[in-house]
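**Q** Can you keep this structure in mind? I'll have questions shortly.
The values are calculated or read from the model by the stated rules, or taken from the named source; none is laboratory data. This structure is a prediction, so every number in the text was calculated from the model and none was measured. Ideal geometry is used to build each Cβ from the backbone, glycine not excepted, and the neighbour counts take in all protein chains shown. The area values use the complete protein model at the heavy-atom level, side chains included, leaving out ligands, DNA and RNA. Shrake-Rupley method; radii C 1.70, N 1.55, O 1.52, S 1.80 Å.
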Amino acid sequence: MRSFMGRDILSLKDFERNEFFRVLEVAEQMEPIARNRRNVDMLKEKTMVVAFYQPSTRTRLAHEAAMHRLGGHVTGFSDAKMTRAGDWYQESIKDTVKMLECYGDVIVMRHFKQGAPAEAAKWASVPIINGGDGWGEHPTQILTDLYTVWREKGRLDGLKWLAVGDMRMRTMHSLAYALTQFDCPITFVSPPEMSLTEEMKAELNQYSLNYQEVEHVEQAIADADVILVEPVVQPDYTKARQEAGEHGITPANYKITRELLTNKAKSDAILLHSFPRMDEIPTDVDITRWSRYWQEAFNGVVMRMALLGLVLGAME
Ligand code: CP
């Protein structure tokens with residue numbers, strides 16, 4: 001297995017099956033620290049720089065919480081407008097990253113431009129972790145989701161997935177790439193204008209992903225062991241920021257209601273959503289046996305602890 005020390009986490013396309021399991025095992029070792037709300041000194045000599053060019057609640061704060069749990073330090077920005085990259089100068093990724101690498105030992109980047117973290121990785125002497133790049137990928141979120149499933153179900157192989165939402169989303173891309181490494185058939189449900197691109201489908205066929213597309217969640221929910229939902233009502237991920245405004249409501253095809261779960265879902269299926277949500281999962285689903293999204297949120301810290309421990313060489 002390739003070492004994780006010093007490695008960039010940019011995409012799940014380049015993850016091997018045994019590397020997924022190594023990350024999951026390390027996360028399991030980290031979990032008691034977070035569960036007991038302890039801080040240890042594993043990364044006390046390390047500093048993480050966050051470079052967030054797009055809004056975030058979970059990804060940035062979960063990385064920061066993870067670094068604090070491991071005794072490390074945190075610096076960076078959560079609004080590029082307050083930096084030279086976001087003002088009149090529009091400083092390039094290269095120039096910005098050549099500065100940031102002097103301020104810390106790992107950089108977590110979220111950017112509205114697909115490929116920006118990969119561009120950063122070309123120039124940085126420290127590992128770059130992709131915290132979401134445009135419509136590209138969101139590898140740390142899907143590693144969190146795999147960990148949640150693995151902990152809840154005790155396995156990954158043999159589980160059937162249902163993915164509902166906008167298939168242009170970065171999470172959906174990382175999910176599809178990840179599942180190519182497991183025996184996990186997946187059904188995608190999305191509005192036609194948000195379906196997998198032909199290019200993406202060709203790529204998934206090349207990796208032998210067992211997938212199908214259907215029009216309505218009702219056609220697929222009964223078979224699913226894992227239901228992963230993302231909004232179909234959402235902002236443009238290629239923009240730095242969009243203010244709240246008028247938006248539509250989610251059609252029934254892409255909505256997971258309490259009634260649907262009760263009448264059609266497997267009794268032991270689990271429901272994931274990385275959040276933020278709109279109306280695709282009504283709040284009365286929160287108190288059902290299917291929902292695991294609060295667990296997923298906790299695991300978001302655990303997974304980032306594992307990744308930081310690995311790329312910074314505290315875990316091998
Ligand atoms: N799930 C997720 O990426 O959330 P944030 O946009 O709040 O980071």
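**Q** Out of every Cα-Cα pair in the stretch 139-296, what percent are more than 29 Å apart?
**A** In whole percent, the long-distance tail amounts to 12.
**Q** Tell me which chymotrypsin sites (Phe, Trp or Tyr not before Pro) from the stretch 163-220 have a DSSP coil assignment and no more than 13 other beta carbons within 10 Å of their own.
**A** Tyr207
**Q** Out of residues 5 or more away from Glu213 or on other chains, whose amide H comes under 5 Å of its own, with H placed 1.01 Å from N in the peptide plane?
**A** Close amide H contacts, sequence-distant or interchain: Phe188.
**Q** With the full set of protein chains in place, find how many percent of the accessible area of the chain is carbon and sulfur; take the probe as 1.4 Å.
**A** 48 percent
**Q** Let me have the 222 nm mean residue ellipticity of the chain computed from DSSP H runs of 4+ only, each contributing -39500 (n - 2.57), with the sum over all residues rounded to the nearest 500.
**A** -11000 deg cm²/dmol
**Q** On a C-alpha basis, how far is the centre of the stretch 51-120 from the centre of the stretch 242-280 in Å? Whole number, if you could?
**A** The stretch 51-120 and the stretch 242-280 have Cα centres separated by 31 Å.
**Q** While we're looking at this one, here's another question. What's the ranking of 73-86, 130-143 by average number of surrounding C-beta atoms within 10 Å, highest first?
**A** Put in order of decreasing packing, that is 130-143, 73-86.
**Q** Give a quick list of GluC sites (Glu not before Pro) in the stretch 1-43 that DSSP marks as loop, anything other than H, G, I, E or B, with at most 13 other Cβ atoms within 10 Å. Show your work: numbers first, answer last.
**A** Working: sites: Glu16, Glu19, Glu25, Glu28; in loops: Glu16.
Sparse-neighbourhood loop GluC sites (Glu not before Pro): Glu16.
**Q** Continuing with the same structure: If amide hydrogens are placed 1.01 Å from N in the peptide plane, which non-local residues have theirs closer than 5 Å to the one on Leu312?
**A** Gly6
**Q** Extension gain Val233-Asn205, at 0.36 nm per residue separation less the Cα-Cα distance, in nm?
**A** Full extension of this stretch gives 7.3 nm more.
**Q** In Å², and per residue, what accessible area does the stretch 39-154 have when probed at 1.4 Å with the other protein chains present?
**A** 42 Å²
**Q** Continuing with this model, one more query. Under the Karplus relation 6.51 cos²θ - 1.76 cosθ + 1.60, θ = phi - 60°, what is the ordered set of whole-Hz ³J(HN,Hα) values for the stretch 215-232, x standing for Gly and Pro?
**A** 8, 9, 4, 4, 6, 10, 5, 5, 8, 7, 8, 10, 10, 10, 10, 10, x, 9
**Q** Using 10 Å bins from zero, what percent of all Cα-Cα pairs in the stretch 48-103 falls into each bin?
**A** All Cα pairs, binned at 10 Å, distribute as 23, 50, 25, 3 percent.
**Q** Subtracting the Cα-Cα distance from 0.36 nm times the residue separation, let me have the gained length for Leu61 to Glu198 in nm, one decimal. Intermediate results must be reported in sequence, preceding the final value.
**A** On the way: separation 137, 0.36 × 137 = 49.32 nm, distance 3.48 nm.
Here the segment from Leu61 to Glu198 would lengthen by 45.8 nm.
**Q** Could you estimate the translational diffusion coefficient of the chain from the Stokes-Einstein equation, with Rh from the Kirkwood formula over C-alpha pairs, at 10 °C and 1.306 mPa s, in whole µm²/s?
**A** 80 µm²/s
**Q** Express the relative contact order of the chain as a whole percentage, based on alpha carbon pairs under 8 Å and six or more residues apart in sequence.
**A** The value is 22 percent.
**Q** If you take the square roots of the eigenvalues of the alpha-carbon gyration tensor of the stretch 204-249 and sort them as a ≥ b ≥ c, do you get rounded (a/c under 1.5), prolate (a/b over b/c) or oblate?
**A** It comes out oblate by the Cα gyration axes.
**Q** Note down the relative contact order for the stretch 139-296 as a percent, whole number, built from C-alpha pairs under 8 angstrom at least six residues apart.
**A** 24 percent
**Q** What list of ³J(HN,Hα) values in whole Hz, one per residue of the stretch 238-246 in order, does the Karplus curve 6.51 cos²θ - 1.76 cosθ + 1.60 (θ = phi - 60°) give from phi, with Gly and Pro shown as x?
**A** Karplus values, whole Hz, x for Gly and Pro: 8, 9, 5, 6, 10, 6, 4, x, 4.
**Q** Once amide H atoms are built 1.01 Å from N in the peptide plane, which residues 5 or more positions from Gly71, or in another chain, come under 5 Å H to H?
**A** Here Val40, Leu43 satisfy the definition.
**Q** How far apart, in nm, are two points set 7 Å out from the Cα along the Cα-to-Cβ line at Met1 and at Asn39?
**A** My value for the distance between the label points is 3.0 nm.
**Q** Please find the FRET efficiency linking Lys13 to Asp157, where r is the Cβ-Cβ separation and R0 is fixed at 22 Å, and quote it to the nearest 0.05.
**A** Calculated value: 0.65.
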